[in-house]
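Enquirer: This structure is in structure tokens; I'll ask about it shortly.
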Amino acid sequence: MIDPEHGEDGPAPGSPVLEALLENERTRRTLGRRLAASGDRVDTDLLGDIVRHGPVLEALLEEPLDRPAIEERLDVSRATSHRFTRWLADHDLAAKRDGRYHLTGRGEVVAEEVLRFEANVRTADRLAPLLAAVCEDHREFVVEPFVDATVTVADTADPYRPVERFCALVAGSETFRGFNTTHMAPPVLGGTETAVFADTDTEVVYHPDVVDRLFESSPERARDAVERGHLRLRTREALPYGLAIFDDRVGIGGYDDRTGAMEVFVDTDSPIAREWAERVYRSVRADSEPLELDAEE
């Protein structure tokens with residue numbers, strides 16, 4: 001059963017890492033104006049140089065190195081390593097001590113931001129199908145927790161690939177919570193109904209008309225599962241996308257606006273992604289209504 005932490009209260013404060021990620025996302029859209037107002041924007045050529053020196057910054061972030069070690073680590077020539085270290089020293093990003101190059105405090109921050117930038121660009125590229133489906137609806141979606149997520153996209157040869165991935169995760173989980181704009185899986189994949197009605201302790205927030213269709217398609221099984229407390233249904237008028245929380249993973253589904261078909265499903269076992277998902281789910285659940293069965297239903 002769902003524990004009190006997932007009750008009807010609003011989202012609880014998250015960990016410092018999660019709160020920082022969410023705050024970065026909330027302020028991202030104002031950063032350009034704030035930087036412009038400060039009149040102290042970083043020169044674009046310098047930004048390009050910092051990115052180009054990303055490999056040596058990353059290497060020194062792991063540990064201080066002398067020039068021969070830099071050459072070996074990055075597979076560069078002596079002249080190139082000399083150019084790298086001189087550039088770092090000129091920009092107060094590294095200093096030589098005891099024969100090895102150490103990042104300065106400024107250098108450590110810049111190195112970490114270069115890594116974060118690369119990771120976010122890579123993740124945004126991998127999550128492009130999902131971002132296209134949900135970004136207009138969800139203003140606090142953060143990509144960092146999904147850097148190593150499994151991304152399953154539908155194609156003409158296998159339009160049910162995302163749904164099949166979702167079904168496999170449901171089948172392997174003792175609990176399932178989430179919300180969705182439509183049925184998580186179409187009737188053609190009936191195994192999911194078996195899991196939801198009989199095998200998996202489930203709580204889902206749906207649009208009211210989706211709940212109606214569920215009881216039209218499987219009235220006896222749905223009613224029996226609800227009455228046993230095995231399936232808890234709630235309703236909400238507006239939902240941005242599909243969110244699924246399993247025992248060990250969390251997933252997000254993106255849907256075609258015209259057909260309602262799941263186009264992409266992204267899932268991960270990242271602890272920060274789970275914390276984010278739990279927070280979003282609690283917020284949506286708190287703004288939903290529990291299903292009340294009519295005696296004649």
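Enquirer: L57: in contact with a Pro (Cβ under 8 Å, 6 or more places away or on another chain) and of a type in the set (A, V, I, L, M, F, W, C), yes or no?
Expert: Judged against the criteria, L57 is not a match.
Enquirer: Please count how many residues of region 36-94 are more than 19 Å from V110 (Cβ to Cβ) and of a type in the set (V, I, T).
Expert: 2
Enquirer: Return the residues of region 34-59 that are touching a Leu at 6+ places or on another chain (Cβ under 7 Å), among the charged types (D, E, K, R) and part of a helix (DSSP H, G or I); say none if nothing qualifies.
Expert: E58
Enquirer: Just give me the residues in region 191-204 being part of a helix (DSSP H, G or I) and either at pLDDT 85 or above or in contact with a helix residue (DSSP H, G or I) (Cβ under 8 Å, 6 or more places away or on another chain) (or both), in sequence order.
Expert: Matches in region 191-204: G191, T192, E193, A195, V196, F197, A198, D199.
Enquirer: Determine whether region 84-94 contains at least one residue that is surrounded by fewer than 15 Cβ atoms within 10 Å (Cβ to Cβ) and closer than 11 Å to L57 by Cα.
Expert: no
Enquirer: Kindly indicate whether D148 is touching a Ser or Thr at 6+ places or on another chain (Cβ under 8 Å), assigned by TED's automatic domain parsing to the domain that holds D201, modelled with pLDDT of 90 or more and outside any helix (DSSP H, G or I).
Expert: yes
Enquirer: For region 102-138, what are the residues that are in a loop (DSSP other than H, G, I, E, B) and modelled with pLDDT of 90 or more?
Expert: Residues satisfying the conditions are T104, L127.
Enquirer: Can you tell me which residue in region 219-267 is nearest to G172 (Cα to Cα), limited to those that are surrounded by fewer than 18 Cβ atoms within 10 Å (Cβ to Cβ) and small (G, A, S)?
Expert: Looking at residues that are surrounded by fewer than 18 Cβ atoms within 10 Å (Cβ to Cβ) and small (G, A, S), I get G229.
Enquirer: Continuing with the same structure: Only residues that are of a type in the set (F, W, Y) and closer than 22 Å to P159 by Cα: list them for region 231-269, please.
Expert: The answer is Y241, Y255, F265.
Enquirer: Something else: Which one is nearest to P68 (Cα to Cα), of the residues in region 86-101 that are part of a loop (DSSP other than H, G, I, E, B) and more than 36 Å from the chain's Cα centre (by Cα)?
Expert: G99
Enquirer: How about region 47-68: which of its residues are more than 13 Å from A94 (Cβ to Cβ) and in contact with a Ser or Thr (Cβ under 9 Å, 6 or more places away or on another chain)?
Expert: P68
Enquirer: Could you tell me which residue of region 223-246 is farthest from the chain's Cα centre (by Cα), considering only residues that are under 29 Å from L130 (Cβ atoms) and among the aliphatic types (A, V, I, L, M)?
Expert: Across region 223-246, the extreme among qualifying residues is L231.
The values are calculated or read from the model by the stated rules, or taken from the named source; none is laboratory data. Quantities reported herein were computed from a predicted structural model and do not represent experimental measurements. Cβ sites come from the backbone with ideal geometry, for glycine too, and all protein chains shown count toward neighbours.
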